[in-house]
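Asks: Submitted below is the structure of interest, expressed as structure tokens.
Just so you know, all these numbers are worked out from the coordinates, no wet-lab data involved. No experiment lies behind these values; they were computed from the predicted model shown. No Cβ is skipped: glycine too gets one built from the backbone with ideal geometry, and neighbour counts run over all protein chains shown.
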Amino acid sequence: MPIYAYACSSCGLQQDVMQKMSDEPLNTCPECGKETFSKQLTAAGFQLKGSGYYVTDFKNKPKAEAAAPCANAASCPVVGS
Ligand SMILES: [Zn+2]
């Protein structure tokens, strides 16, 4: 069963919570009771065995190909989605 690191943005509580994959994510902080408790994907408690590490920051990376100058659209490399 995976352990998720949660953190509260209101009071700063950090807690590791053991949950099944199918469990609903928590959002209510056990410390202050506000619904600012959220799962932290980058914390040490989030461990994946093997090479399946998800780097979510990559989705924000600018497309380098799109910035390359090209004279006409026909010669441009197709930037896939
Ligand atoms: Zn809290």
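Asks: If the chain between Cys32 and Gln15 were fully stretched, how many nm would it gain, using 0.36 nm times the residue separation less the Cα-Cα distance?
Replies: Fully extending the segment from Cys32 to Gln15 adds 4.8 nm.
Asks: Continuing with the same structure: At 7 Å along Cα-to-Cβ for each site, give me the label-to-label distance between Glu24 and Ala5 in nm.
Replies: 2.6 nm
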